[in-house]
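The values are calculated or read from the model by the stated rules, or taken from the named source; none is laboratory data. Everything numeric in this text was worked out from a predicted model, so none of it was measured. We place every Cβ from the backbone using ideal geometry, glycine too, and count neighbours over all the protein chains shown. For accessibility, only protein heavy atoms count, side chains too; no ligands or nucleic acids. Shrake-Rupley method; radii C 1.70, N 1.55, O 1.52, S 1.80 Å.
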Amino acid sequence: MPEPIIQVLNVVKKYDGRTVLDGVKLDVMRGETLVILGGSGSGKSTLLRLMIGNETLDGGDILSLGKSLCHMTPNERDDYRRSIGVLFQSGALFNSMTVAENVALPLQEHTDLPDETIEIMVKIKLELVGLRTHADKMPAMLSGGMKKRAGLARAISLDPKILFYDEPSAGLDPVTSTEIDHLIMDLNDKLGVTSVVVTHEMESAFRIADRMVLLDRGKFIASGTPDEMRNSTNPIVHQFVFGLADGPLTDRRRAEGYEEDLLGSSAMNS
Ligand SMILES: Nc1ncnc2c1ncn2[C@@H]1O[C@H](COP(=O)(O)OP(=O)(O)O)[C@@H](O)[C@H]1O
Ligand SMILES: [Mg+2]
């Protein structure tokens, strides 16, 4: 039986009183690649930030690696952060450090390993992401895809149990984006990690996902295997998965535009 490594339990998140996640429930199973889908503003990044313990919840709870994120002490939170890896949209490298120094940093900060050991570990991580021969380059010399690889090498430096990715192929050309997808699958297999990937790109989602979850305006809509999502009779899932111009997502937008036109945008916010 597969067991959940993360359980998102009726999560509510508000910003300035506005609800952006509304009772979201989902499980991430150990070892799988789960893709979180949804249109822009549907709450994907917010959910990811909550799962990595970067923000506080306004309702519900998230159990990850056996612990409640709501009830963690600051020390437990630091331990938790060290046991996960995150690849942010930008890759977030330090520009004044070489690729190898960027990857070494978490090892220097969080372990007592001698420099020679860290050097070997950095080489292994760089080899895993295909950057071993670029160890001494500065981030500014790297292409977008290579920056992502370097960010990924840093994300796996402490051997995380879960890897989180926010829009890993954003801003990349189609070929590079496919390469990053293959790297995500490769690391999932080789390292035996669990991967949680936020994206709105269906091609990439279908390539990498074991299971998918669709969010819409902060609400959980559906989850399933790629085949289940493709064959879903839920009209929102169908429209999103096939990128159709007609369906509930666009009907709603048109209706809202009209309402806003009639009532004025201020009336919409009340
Ligand atoms: N730090 C924040 N402060 C206020 N509103 C935010 C913040 N982060 C996200 N939001 C709002 O929450 C909603 C969901 O955002 P986000 O999670 O970034 O969506 P997605 O990643 O699916 O595009 C959006 O309406 C966004 O404007
Ligand atoms: Mg986002």
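Brief remarks on what is shown
- Candidates 167, 119, 32, ranked by Gaussian network fluctuation over the chain, Cα under 10 Å, top entry: 119
- Between amide H atoms placed 1.01 Å from N, distances below 5 Å from residue 60 occur with 12, all of them 5 or more places distant or on a separate chain.
- In a reduced charge model with +1 at each Lys and Arg Cβ and -1 at each Asp and Glu Cβ, segment 128-175 shows a dipole moment near 160 debye about its Cα centre.
- Inter-centroid distance (Cα atoms) of segment 198-260 relative to segment 41-70, Å: 22 Å
- Cβ charges +1 (Lys, Arg) and -1 (Asp, Glu), total dipole of the chain, debye: 120 debye
- Using alpha-carbon coordinates, inclination of helix 115-128 to the longest axis of the chain, degrees: 50 degrees
- Here is the tail figure for segment 124-165: Cα pairs spaced more than 15 Å apart come to 36 percent of all pairs.
- Percent carbon-and-sulfur accessible area, segment 93-195, ignoring ligands, DNA and RNA, probe 1.4 Å: 54 percent
- The string of couplings for segment 224-238 from the Karplus curve (6.51, -1.76, 1.60, θ = phi - 60°) is x, 6, x, 5, 4, 6, 4, 9, 5, 8, 5, x, 5, 4, 4 Hz, one whole number per residue in order, with x for Gly and Pro.
- Under Karplus coefficients 6.51, -1.76 and 1.60, residue-wise ³J(HN,Hα) of segment 103-111 in Hz, glycine/proline x: 6, 6, 3, x, 5, 5, 6, 10, 10
- Estimated distance in nm for a label pair at residue 58 and residue 108, the labels positioned 7 Å out from Cα along Cα-to-Cβ: 4.1 nm
- Stretching the chain fully between residue 120 and residue 67 yields a gain of 15.9 nm (0.36 nm per residue, less the alpha carbon separation).
- Percentage relative contact order, the chain, counting C-alpha pairs under 8 Å, at least six apart: 23 percent
- The Cβ shell under 13 Å around residue 192 holds other residues with a net charge of -1, Lys and Arg each +1, Asp and Glu each -1.
- Among 124, 156, 52: highest mean-square fluctuation, GNM of the chain, C-alpha pairs under 10 Å: 124
- Anisotropy class of the chain from Cα gyration tensor, a/c 1.5 cut: prolate
- Three-way shape call for segment 72-185 based on the alpha-carbon gyration tensor, with the a/c threshold at 1.5: oblate
- Distant-in-sequence amide contacts of residue 129, defined by a placed amide H-H separation under 5 Å and a gap of 5 or more residues or a different chain, comprise nothing.
- Once the C-beta distance of residue 132 and residue 76 is scaled by a Förster radius of 41 Å, the resulting FRET efficiency is 0.75 to the nearest 0.05.
- Computed E for residue 143/residue 96 - FRET, C-beta separation, R0 25 angstrom, nearest 0.05: 0.85
- Taking packing as the residue-averaged number of other Cβ atoms within 10 angstrom, the listed peptides 67-78, 99-110, 134-145, 219-230 run from highest to lowest as 99-110, 219-230, 134-145, 67-78.
- Three-way shape call for segment 113-270 based on the alpha-carbon gyration tensor, with the a/c threshold at 1.5: prolate
- Helices in the chain, meaning DSSP H runs of at least 4 residues, each add -39500 (n - 2.57). Divided by all residues, the mean residue ellipticity at 222 nm is -12500 deg cm²/dmol.
- For segment 1-144, the Rg and Dmax computed from alpha carbons only, in angstrom: 18.0, 51
- Residue-by-residue Karplus 3J(HN,Hα) for segment 19-33, coefficients 6.51, -1.76, 1.60, Hz, glycine and proline x: 7, 10, 10, 10, x, 6, 10, 6, 10, 10, 8, 4, x, 8, 9
- FRET E, pair residue 254, residue 203, Förster distance 41 Å, beta-carbon r, rounded to 0.05: 0.95
- Environment charge at residue 99 (Cβ cut-off 14 Å; Lys +1, Arg +1, Asp -1, Glu -1): +4
- Distance between the 7 Å Cα→Cβ label points at residue 191 and residue 231: 3.4 nm.
- Between the helical axis of 248-263 and the longest alpha-carbon principal axis of the chain there is an angle of about 60 degrees.
- Listed residues 66, 151, 192, most fluctuating in the chain (Gaussian network, C-alpha, under 10 Å): 66
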